[in-house]
Amino acid sequence: MTIEKILNGENATLVIAGRLDTQTAPELEKELDGIVSGLKELTFDMKGLEYVSSAGLRVILKAQKIMNTQGSMKLIGVNDSIMEVFDITGFLDILTIE
C-alpha cells in the first residue's frame, strides 16, 4: 500500500493505493495519528485502493469517529468492490462517499 499525504491548512487528503489489510492498516493508522489533530476536513482518495479488510475498516471507522468531533470526512474514488464491502458492513450509513 502507498499513502500520499496532501496537507492544506486544516484540510488533509490521503491518497491510498494498493491493499488496506492487517499488514498495512497500522501504517495508515500511524499516518492518521500524525495529522488528524486540528483538522477540519479529511478526505480519503481511494481511486487506487484494490482491497480493504476488517483491519482497514477499523482504521477508517476510527478516523470517522475522530472527525465527527472536529470536522468532516469523506471518501472519494471508491471502486465497486470496495463500495460493496462498505454496503455489506453497513459503513454506507456512517461514511460520506462521493
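Read-outs: derived from the displayed coordinates by stated rules, not from any lab. Just so it is clear, the model here is predicted, and its values are computed rather than measured. Here the Cβ positions follow ideal geometry from the backbone for every residue, glycine too, while neighbour counts run over all protein chains shown.
Summary table below
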| quantity | calculated |
| --- | --- |
| Computed [θ] at 222 nm, helices only, for the chain once each DSSP H run of length n ≥ 4 contributes -39500 (n - 2.57) | -12000 deg cm²/dmol |
| Inter-label distance, nm, simple model (7 Å from Cα along the C-beta direction), residue 8/residue 27 | 2.5 nm |
| Burial order of peptide ranges 6-12, 60-66 (average beta-carbon count within 10 Å, highest first) | 60-66, 6-12 |
| Pairs of Lys in the chain closer than 14 Å at Cα, counting only those 8 or more apart or on different chains | 7 |
| Residues 72, 54 arranged by fewest to most Cβ contacts within 10 Å | 54, 72 |
| Acute angle (nearest 10 degrees) that the helix 54-70 long axis makes with the longest principal axis of the chain, alpha-carbon atoms | 30 degrees |
| Per residue, the convex hull volume that the Cα atoms of the range 2-93 enclose (Å³) | 80 Å³ |
| Rounded tilt (10° steps) of 25-35 against the dominant C-alpha axis of the chain | 20 degrees |
| For the chain, built as a Gaussian network whose Cα springs stay under 10 Å, the top-fluctuating residue of 69, 13, 43 | 69 |
| Label-point separation, residue 92 to residue 70 (7 Å along Cα→Cβ), nm | 3.1 nm |
| The chain - percent relative contact order, Cα under 8 Å, separation 6 or more | 27 percent |
| Debye, to nearest 20: dipole size of the range 2-93, +1 on Lys, Arg Cβ, -1 on Asp, Glu Cβ | 240 debye |
| Within-15-Å neighbourhood charge of residue 84 [Cβ basis; K, R +1; D, E -1] | -4 |
